[in-house]
Amino acid sequence: MALVLAATPLGNPRDASARLKSAIEDATIIAAEDSRRFHRLCADIEVTFTGRVLSFFEGNEDERTQELLSELESGADVLVVSDAGMPTISDPGFRLMREAIARGLEVSVIPGPSAVTMAIALSGLPTDRFTFEGFPSRSAGARLALFEKLRHEERTMVFFEAPHRLGDCLSDAQSVFGTERRAAICREMTKRYEETIRGTLAELSTWADTNEVLGEITLVIEGATLDSAARSADEMVARVREFEAAGMDRKGAIASVATEFAIAKRLVYAAVVDANKMSK
């Protein structure tokens, strides 16, 4: 009995590994995010399976996880595949893997295509350190809050995004990270219409607003410059003091700087408090 998580092609079936093909042929149970796409994949890579195919997607993940664990403990070999790329990466499988490990069951992973690492390589942005942030929230407020938390993130950032939300996402990104921050849109990777658009956030935002955006999107954004948080705090404090020197009260000065820097007032207030502590 074993649980196997296997990476599947992002789009080009020729990226299927020999190990993936063998695992499909040998599995007792195949947990597939979309059974129709799994059948199409098998046809494309000319593999025949005899295992039972079960749907395994976000809507039934909790219930199906318990079922699959029972099958594993009864001696089944379970293969988990998502629509594309590695299961558990913004796809079902994490809970099952975690629980299988906790129960001492045998687990393994068949490596292969990854939209995250492929997009970083295509972007031309630093690859030595990066962070994967998944899908930003559909809500504008929550999306802005996420970007605000990442304002001073120095690692390259990778996001997945739906094509119809890309324009709004890029608009919010440039309002927080700045119009000159470099980024890349990686679209339809490994597929016929694969395309990578590189430039500043302002340039990518214009591209998204003036083109029909289709297909799977991975967005890569450059990290902040080293020690940008400290520099920004110093700049905020200096600007508050400029407003105060001009006759504005502190509350008004903080509000004005928050508007000027497009950040929350509490962040400006905290920078001023910290600066006052340091000066004593």
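We did not get these values from a lab; they are worked out from the coordinates using the rules stated. What you see is a predicted model; the values in this text were computed from it and never measured. Glycine also receives a Cβ, built like all others from the backbone with ideal geometry; neighbour counts cover every protein chain displayed.
Per-structure values
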| item | result |
| --- | --- |
| When the convex hull of its Cα atoms is projected in every direction, mean area for segment 116-221 (nm²) | 5.8 |
| In order through segment 266-271: 3J(HN,Hα) via Karplus (6.51 cos²θ - 1.76 cosθ + 1.60), integer Hz, x for Gly, Pro | 4, 6, 5, 4, 4, 5 |
| Using alpha-carbon coordinates, inclination of helix 201-210 to the longest axis of the chain, degrees | 60 |
| Furthest towards positive pole of dipole, Val107, Leu144, Thr131, structure part segment 104-262, Cβ charges | Val107 |
| Trypsin sites (Lys or Arg not before Pro) within segment 168-253, DSSP loop, no more than 12 other Cβ atoms inside 10 Å | Arg192 |
| Semi-axis lengths (Å, descending) of the ellipsoid that matches the C-alpha gyration tensor of segment 2-113 | 21, 14, 13 |
| For segment 81-97, 3J(HN,Hα) per residue [Karplus equation, 6.51 cos²θ - 1.76 cosθ + 1.60, θ = phi - 60°, Hz, x = Gly/Pro] | 10, 9, 4, 6, x, 8, x, 5, 8, 6, 9, x, x, 4, 4, 5, 4 |
| Difference of contour (0.36 nm per residue) and Cα-Cα distance, Glu195 to Val47 | 50.3 nm |
| Relative contact order for segment 2-113, counting Cα pairs under 8 Å that sit 6 or more residues apart, in percent | 45 |
| Within a Gaussian network of the chain (alpha carbon springs, distance under 10 Å), most fluctuating of Ala16, Ala142, Ala119 | Ala142 |
| Whole-Hz couplings from phi, Karplus 6.51/-1.76/1.60, listed for segment 113-128; x for Gly and Pro | x, 9, 5, 5, 5, 5, 5, 4, 4, 6, 5, x, 8, x, 10, 6 |
| Amide hydrogen neighbours beyond the local backbone of Val80, cut-off 5 Å, H modeled | Val4, Leu5, Ala6, Ala31 |
| Relative contact order %, the chain, counting alpha carbon pairs below 8 Å whose residues are six or more apart | 17 |
| Label point distance in nm, Ala245-Phe57, each placed 7 Å from Cα along Cα→Cβ | 6.1 |
| Amide H contacts of Val53 (H built 1.01 Å from N, under 5 Å, at least 5 apart or other chain) | Ile30 |
| Reachable lysines, given that their alpha-carbon falls under 19 Å from the alpha-carbon of Lys265 and they are not under 8 places away in the same chain | Lys149, Lys251, Lys277 |
